[in-house]
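Working notes, structure below.
The values are calculated or read from the model by the stated rules, or taken from the named source; none is laboratory data. This structure is a prediction, so every number in the text was calculated from the model and none was measured. Here the Cβ positions follow ideal geometry from the backbone for every residue, glycine too, while neighbour counts run over all protein chains shown. Side chains are part of the model used for accessible areas, which takes the heavy atoms of the whole protein and leaves out ligands, DNA and RNA. Shrake-Rupley method; radii C 1.70, N 1.55, O 1.52, S 1.80 Å.
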Amino acid sequence: DVLTTLDYDARGNNLSFWAAEVRERLREGEAVEDIQYSRKEIEEHLQTNSFGLYALIAPIAHEDSMEIESQELEIILDNIIKNGEFDFVVCDTGNNTGDASVLALEKSDDIFLVVTQDVSTASCNSAFLSTMQKIDFDMSKIKLLINSVMPFKVTQVGVEELEQMFPYQCVARIKRSSDVIKANNCSKPIVLTDATHEFTKEMKNIIAYLLGQEPIETVQRKKGFFSRLFKKGER
């Protein structure tokens with residue numbers, strides 16, 4: 001939850017307000033290509049926190065999300081990408097094929113598939129990838145992030161098995177840590193408070209990948225539980 005983890009204001013600007021403004025401009029007959037926002041105007045719709053990070057906060061209420069149309073989202077995202085003057089734009093999507101997720105995926109340069117050592121989650125991710133392949137999506141943009149890593153004896157599923165099931169370049173293997181949970185709950189991201197923490201180092205690996213500064217370590221893949229559970233042709 002970006003709102004609480006990064007200490008933004010629940011009463012401040014969010015996507016609902018910007019989408020409503022775009023919706024009104026469309027109703028008044030303004031052409032899609034003419035709905036342009038300057039950097040200053042974009043900032044007025046975003047929130048910034050004490051860490052200097054800009055964010056477009058999700059609607060607070062679920063019913064507000066249901067009012068937002070894909071065209072409105074596309075106009076907003078295009079403006080952020082083209083006119084926002086940001087070095088990086090990060091979109092947090094679900095592993096679904098809803099309009100909002102697909103829109104963000106299509107406009108992305110890199111896609112990080114977040115997986116965990118959980119059969120039900122892996123099954124969901126596998127189904128998502130299968131759907132994307134069927135619509136001829138560019139799968140080369142996908143990279144792997146293994147989150148909440150725990151010992152094999154706890155999960156009975158190894159990291160190597162996940163990397164075999166999802167044969168994409170693995171950018172980071174993030175260990176489960178109570179320190180991270182505590183930091184998130186206190187709105188004090190551990191990457192900004194403990195530079196030596198293992199979680200922070202894995203975050204730096206992701207940044208290094210995006211900046212092209214370090215090669216990603218490769219891990220030998222072995223056959224395991226997941227490879228028996230999911231057939232290769234279904235990926």
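For region 136-157, check the following and say yes or no: at least one residue is modelled with pLDDT under 90, assigned to a helix (DSSP H, G or I), among the hydrophobic types (A, V, I, L, M, F, W, C) and open to solvent by less than 30 Å² (accessible area, probe 1.4 Å). No, region 136-157 contains no residue that is modelled with pLDDT under 90, assigned to a helix (DSSP H, G or I), among the hydrophobic types (A, V, I, L, M, F, W, C) and open to solvent by less than 30 Å² (accessible area, probe 1.4 Å).
Restricting attention to region 58-88, the residues that are open to solvent by less than 50 Å² (accessible area, probe 1.4 Å), part of a loop (DSSP other than H, G, I, E, B) and either under 23 Å from Leu210 (Cβ atoms) or among the hydroxyl-bearing types (Ser, Thr, Tyr) (or both) total 1.
The residues of region 3-28 that are among the β-branched types (Val, Ile, Thr) and under 16 Å from Asp64 (Cβ atoms) amount to a single one, Val22.
Within region 40-55, the set of residues being within 19 Å of the chain's Cα centre (by Cα) and open to solvent by less than 60 Å² (accessible area, probe 1.4 Å) comprises Leu46, Gln47, Ala55.
Could you list, in sequence order, all residues of region 107-122 that are hydroxyl-bearing (Ser, Thr, Tyr), under 19 Å from Arg173 (Cα atoms) and at pLDDT 85 or above? Scanning region 107-122 gives a single hit, Thr116.
Residue count for region 164-174, restricted to those that are surrounded by 17 or more Cβ atoms within 10 Å (Cβ to Cβ) and within 19 Å of the chain's Cα centre (by Cα): 7.
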